[in-house]
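Asker: Below is the structure I would like to discuss, written out as structure tokens.
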Amino acid sequence: MPVKEKIIEKIFFLIALSSITILALITFFIFEEGLPLILKIGPKAFLLGERWIPSKGSFGIFPMIASSFWVTFGALLLGIPLGLACTIFLAELIPPSIGILLRPAIQLLAAIPSVIYGFWGLIVLVPLIQNYLGGPGLSILAGSLVLSFMILPTIITISEDSLKSLPPSYKAGALALGATHWQTIWRVLIPAARSGIVASIILGMGRAIGETMAMIMILGNAVKMPTSFLDSARTLTTNIGIEMGYASGDHRQALFATGIVLFFIIMGLNTLAIFLSRRSVH
């Protein structure tokens, strides 16, 4: 191998190694700061406790875990059907000339700052919910609606790539057997691409759980167990974002411990997505 190629290979190796090193350092720092608090009060009290009153030494994050999954579940209820419909339309139904215009517009959704989504939700969605459905307006429903649009680029892009990567023989064979275009899409192409579609949904779920700024603006930030989509709530990420600026001592360690919980949730979702995306489409 020429010397020039060896140098380039070493440079790329160092770049890859630096990424892993940075991740390891972040992980070490989070665990170093947060693990002592978990060991001090006990994992059960921390994860299943329902009282978050740092001034009194209560650090239960279960309401925030529940709120995080409520908001994410609500986002997926709207985001999955809408994302799948857009994917099918872009991959199979739309004329290529129109697709050239629509795909960049959908991908642009991922480039919009989350604070803009939050501002839109605060000005448009919150008053509508308050006037027509009741409650404070700042609610899980508002957060779910905003998140459903924020996860669309992830779901659509990965799902469309999965559909387009299928062998042409799948579609040709189904049509040759007398299936209609829609039957071919629904009964052949979607099942064949299910691993990629499911992976896109899981990555979208990870995106939703990790969102902070928009949720700070429209959830209401009430630390309580949610019982309805119209309730105000506080997620794990918003709790860290709101309180880290003034926290100290055990309070600060509890926020880092919350980061540990988020770390495991996101890592679990990403691992599951990678596993599913590597499965054969067969």
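Asker: For residues that are free of Cβ contacts under 8 Å to residues at least 60 places away in the same chain and in contact with a helix residue (DSSP H, G or I) (Cβ under 9 Å, 6 or more places away or on another chain), scanning just the stretch 30-44, find the one that is nearest to residue 260 (Cα to Cα).
Answerer: Here the answer is 32.
Rundown of residues vs (1) in contact with a Pro (Cβ under 9 Å, 6 or more places away or on another chain); (2) more than 19 Å from residue 225 (Cβ to Cβ); (3) among the acidic types (Asp, Glu); (4) not in a helix (DSSP H, G or I), yes/no style:
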site	(1), (2), (3), (4)
20	no, yes, no, no
25	no, yes, no, no
30	no, yes, no, no
47	no, no, no, no
50	yes, no, yes, yes
55	no, yes, no, no
63	yes, no, no, no
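Asker: Still on this structure: Against the condition aliphatic (A, V, I, L, M) and surrounded by fewer than 21 Cβ atoms within 10 Å (Cβ to Cβ), how does residue 240 come out, does it pass?
Answerer: Yes, satisfied.
Asker: Next question. Take the residues in the stretch 243-273 that are surrounded by fewer than 17 Cβ atoms within 10 Å (Cβ to Cβ) and aromatic (Phe, Trp, Tyr), then tell me which one is farthest from residue 149 (Cα to Cα).
Answerer: Filtering first and then ranking leaves 246.
Asker: Among the residues of the stretch 239-257, is there at least one that is under 23 Å from residue 79 (Cα atoms) and aliphatic (A, V, I, L, M)?
Answerer: No, every residue in the stretch 239-257 fails to be under 23 Å from residue 79 (Cα atoms) and aliphatic (A, V, I, L, M).
Asker: On the given criteria, is residue 207 surrounded by fewer than 20 Cβ atoms within 10 Å (Cβ to Cβ), in contact (Cβ under 8 Å) with a residue 40 or more places away in the chain and assigned to a helix (DSSP H, G or I)?
Answerer: Considered against the rule, which asks whether it is surrounded by fewer than 20 Cβ atoms within 10 Å (Cβ to Cβ), in contact (Cβ under 8 Å) with a residue 40 or more places away in the chain and assigned to a helix (DSSP H, G or I), residue 207 comes out as no.
Asker: Does the stretch 134-154 include one or more residues that are assigned to a helix (DSSP H, G or I), hydroxyl-bearing (Ser, Thr, Tyr), surrounded by fewer than 21 Cβ atoms within 10 Å (Cβ to Cβ) and modelled with pLDDT under 95?
Answerer: no
Asker: Go through the residues of the stretch 178-198 one by one and say whether even a single one is crowded, with 20+ Cβ neighbours inside 10 Å, within 18 Å of the chain's Cα centre (by Cα), farther than 18 Å from residue 92 by Cβ and among the hydrophobic types (A, V, I, L, M, F, W, C).
Answerer: no
Asker: Here's another thing I want to ask about it. Go through the stretch 140-186 and report how many residues are touching a residue at least 40 places away in the same chain (Cβ under 8 Å) and out of contact with any strand residue (DSSP E or B) (no Cβ under 6 Å at 6 or more places or on another chain).
Answerer: 27
Asker: Here's another thing I want to ask about it. Say we look at the stretch 222-237 and pick out the residues that are touching a residue at least 60 places away in the same chain (Cβ under 8 Å) and polar (S, T, N, Q); which of these is surrounded by the fewest Cβ atoms within 10 Å (Cβ to Cβ)?
Answerer: For the stretch 222-237, the residue satisfying everything is 228.
Asker: How many residues does the stretch 73-96 contain that are farther than 17 Å from residue 201 by Cβ and not in a loop (DSSP other than H, G, I, E, B)?
Answerer: Adding up the residues that qualify gives 4.
Asker: What's the total number of residues in the stretch 60-79 that are crowded, with 21+ Cβ neighbours inside 10 Å and of a type in the set (Phe, Trp, Tyr)?
Answerer: 1
Asker: I need a count of the residues in the stretch 121-133 that are of a type in the set (A, V, I, L, M, F, W, C), surrounded by fewer than 17 Cβ atoms within 10 Å (Cβ to Cβ) and assigned to a helix (DSSP H, G or I).
Answerer: Number of matching residues: 3.
The values are calculated or read from the model by the stated rules, or taken from the named source; none is laboratory data. Predicted model only: the values in this text are computed from it and were never measured. For neighbour counting, all protein chains shown are included, and Cβ atoms are generated from backbone atoms with ideal geometry for every residue, glycine included.
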